[in-house]
Amino acid sequence: MSAGSGPPRHVHIETFGCQMNEYDSELVRALLKREGFLLTEDRERADVILMNTCAIRENAHTKVYTHLADLKALKKTRPLVVGVLGCMAQNLKEELTKQEPLVDLLAGPDSYRQLPMLIRNAADAQELGEHVKSLAVDLSEYETYDDIVPSRIPGVNAWIAVMRGCDNFCSFCVVPYTRGRERSREPQGILEEASRVAAEGFKQITLLGQNVNSYRSGDWDFARLLTAVADIRGIERVRFTSPHPKDFPASLLEAVVFHPNICKHIHLPVQSGNDRILAMMNRTYTRAEYLTLVERIRSMNSRIVLTTDIIAGFCSETDEEFAHTYRLLEEVRYHSAFIFLYSERTNTIAARKYADDVAQEIKSRRVTALVELQRRISTERNREYLGETLPVLVEGDAKKSHLQAMGKSDGNITVVWEKGNVPCRPGQMVACSIYDASASTLYARVTDLSQHSTPKNAQSCTKIVQP
Ligand code: SAM
Ligand code: SF4
């Protein structure tokens, strides 16, 4: 099938938000290629610009609107189809379709198969001097895109979604409304995909799901799936995100602790350290239950790296309740934390039930206090590695200088070193002796270029190939 009656249409995709969105863009690239479209990294060459959006927090949302405003000017200069994909398309269809005549098509996360048709309709109408607005935003109980092989950019890490949607309905969260009901993919499809990426030369796989602990397919649970992926030949590291603290099974913890290829890092979002706020958030665990889980994890392996997500300034949070979160951070001493200011999202339970009544400056002050505390703890945590030698998977050049290379430790901490005359390549495992540390980075000397082979798809140590 061709891309339409005219010459192939060049499509440029911009991705906002989380890893799940990055993965979805890979699915969309594959779907469009299959239909004869050409993908371009160059916005200026594109006949079609698709924005794969995130609606999880206000700042992601604002970013998309700023980009849309930029496109307005571009659209005046030449024929251009503009599409909004993903969570914002799903959640804000009325608002976005008012952006006359900027947005030509909307496709929600379960409607990507309809994209080729939507693009053709919009482009054909444009050729006739008309403007149609094509919408495909129905949520599905079944769509898992199991038959689509994502079109990945060669690199070190491959994302694989093991499930879609979420049934947890945390009161602050828009995901159950934008991504729909929870569905697990069949293990066979996931294992085939994992074997394929291993054969392509990816060295690390990150399994994705909004709550991986509720993965179920027949008698497969997530621990079984994770172990089976980690056993695939050629895969050196397997990561996953995110488990929900409410149902962290012993089998998963055992898999993390005992399987050499499963990284010793658990991202365990806590959101708040106060029981009343946790109940209002519908997180279904208490502070004490969460801390017991942390203890259980650390009693199995005290060196497991723990990270978290926190929301500051949720509806009606008092200074004292905020102090409980602050103290939880001091108590757990995470290696790092994503700290967010609460932003009310349309349609969520919190938006319907609770007033967003913590003043903006108080929210900001709370975020700043947590960020400062966490920066101090992260620095102290990272300094515990001084003098140690860690295996590091090389990713590419460091952000600040092409004279430096960077990679990740097993615990997912960024390690940076001077390349000098040490010829390392993305996908290679190197031994790094740590001599300094900041809140975000370990500084090292490479002491051993190990026997591990360079992946087939590695090009050179010139760019960070995966975020
Ligand atoms: N499913 C994951 C879980 O439950 O751990 C979280 C996925 S969500 C994409 C990532 C993080 O965004 C959440 O853990 C939460 O901290 C944050 N978040 C979600 N909704 C938010 C909101 N309305 N305001 C601020 N932060 C929010
Ligand atoms: Fe959102 Fe909660 Fe589902 Fe995570 S578990 S995606 S925070 S509803």
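The values are calculated or read from the model by the stated rules, or taken from the named source; none is laboratory data. This one's a predicted model, so the numbers in the text were calculated from it and none came from an experiment. A quick note on method: Cβ atoms are made from the backbone with ideal geometry, for glycine too, and the neighbour counts reach across all protein chains shown. Just so you know, the surface numbers come from the protein's heavy atoms only, side chains and all, with ligands and any DNA or RNA stripped out. Shrake-Rupley method; radii C 1.70, N 1.55, O 1.52, S 1.80 Å.
Shape call for the chain from the C-alpha gyration tensor, a ≥ b ≥ c root eigenvalues: rounded (a/c under 1.5), prolate (a/b greater than b/c) or oblate? Verdict is oblate for the chain.
Under a model in which nothing but the beta-carbon of Lys, Arg (+1) and Asp, Glu (-1) is charged, region 1-122 shows a dipole of about 300 debye around its Cα centre. The chymotrypsin sites (Phe, Trp or Tyr not before Pro) found in region 117-190 that occupy coil by DSSP, while having at most 16 further C-beta atoms within 10 Å, are 142, 169. Only helical runs count toward this figure. For the chain, summing -39,500 (n - 2.57) over DSSP H runs of n ≥ 4 and dividing by all residues gives -10500 deg cm²/dmol at 222 nm.
List the aspartates and glutamates whose alpha-carbon lies under 16 Å from that of residue 93, not counting same-chain residues fewer than 8 positions away? Hits, sequence-local ones excluded: 104, 110, 138. Listed by chain and number, the aspartates and glutamates placed with their C-alpha closer than 14 angstrom to that of residue 363 are 58, 317, 319, 320, 321, 344; residues fewer than eight positions away on the same chain are left out. Taking amide H atoms as placed 1.01 Å from N in the peptide plane, the amide H of residue 85 lies under 5 Å from those of 51, 52, 53, 107, each 5 or more residues away in sequence or on another chain.
What do you reckon, how do 38, 403 stack up by accessible area (1.4 Å probe), largest on top?
On the way: 38 75, 403 110 Å².
Largest accessible area first, the list is 403, 38.
Phi angles of region 41-53 translate, via the Karplus equation with coefficients 6.51, -1.76, 1.60 and θ = phi - 60°, into HN-Hα couplings of 7, 9, 3, 5, 8, 7, 8, 9, 10, 10, 10, 8, 9 Hz per residue; Gly and Pro are given as x. Note that region 133-147 has calculated 3J(HN,Hα) couplings of 10, 9, 10, 9, 10, 6, 8, 10, 8, 10, 4, 10, 6, 4, 8 Hz, one per residue in order, obtained from phi through the Karplus relation 6.51 cos²θ - 1.76 cosθ + 1.60 (θ = phi - 60°); glycine and proline are x. Note on region 330-403: with charges restricted to the Cβ of Lys and Arg (+1) and Asp and Glu (-1), its dipole about the Cα centre is near 200 debye. Taking the protein heavy atoms of the chain in the context of the full set of protein chains, the accessible area attributed to carbon and sulfur is 51 percent at 1.4 Å. 3J(HN,Hα) along region 270-281: 9, 6, 7, x, 10, 5, 5, 5, 4, 5, 5, 6 Hz, from the Karplus curve 6.51 cos²θ - 1.76 cosθ + 1.60 with θ = phi - 60°, whole Hz, x for Gly and Pro.
Cross-linked pairs 72/98; 203/408; 33/72: Cα-Cα separations exceed 19 Å for 33/72. Dipole magnitude for the chain: about 740 debye, using +1 per Lys or Arg Cβ and -1 per Asp or Glu Cβ, origin at the Cα centre.
Considering only 134, 349, 11, the residue lying farthest towards the positive end of the dipole of the chain is 11, judged by Cα position with unit charges set on Cβ.
Near the amide H of residue 404, within less than 5 Å, lie the amide hydrogens of 398, 419, all on another chain or at least 5 residues away, with H placed in the peptide plane. Determine the shape class of region 222-381: with a ≥ b ≥ c the square roots of the Cα gyration tensor eigenvalues, call it rounded for a/c under 1.5, and otherwise prolate if a/b is greater than b/c, oblate otherwise. The shape class here is prolate. When region 310-451 is described by a simple charge dipole with +1 on each Lys and Arg Cβ and -1 on each Asp and Glu Cβ, the residue from 370, 318, 420 located farthest towards its positive end is 420.
Computed with a 1.4 Å probe over protein heavy atoms only, the accessible surface of the chain comes to 42 Å² per residue. Backbone amide hydrogens, once placed in the peptide plane, bring residue 428 within less than 5 Å of 394, excluding anything fewer than 5 places away on its chain. For region 322-395, applying the loop criterion from DSSP together with a ceiling of 15 other beta carbons within 10 Å to the chymotrypsin sites (Phe, Trp or Tyr not before Pro) yields no site. Placing a label point 7 Å from the Cα of residue 264 along the Cα-to-Cβ line, the residues of region 370-405 whose backbone N sits under 19 Å from it are 378-394. Each of 382, 166, 334 was scored by the projection of its Cα onto the charge dipole of the chain, and the greatest displacement toward the positive side belongs to 382; charges sit on the C-beta of Lys, Arg, Asp and Glu.
For region 82-106 versus region 228-272, the spacing of their alpha-carbon centroids is 36 Å.
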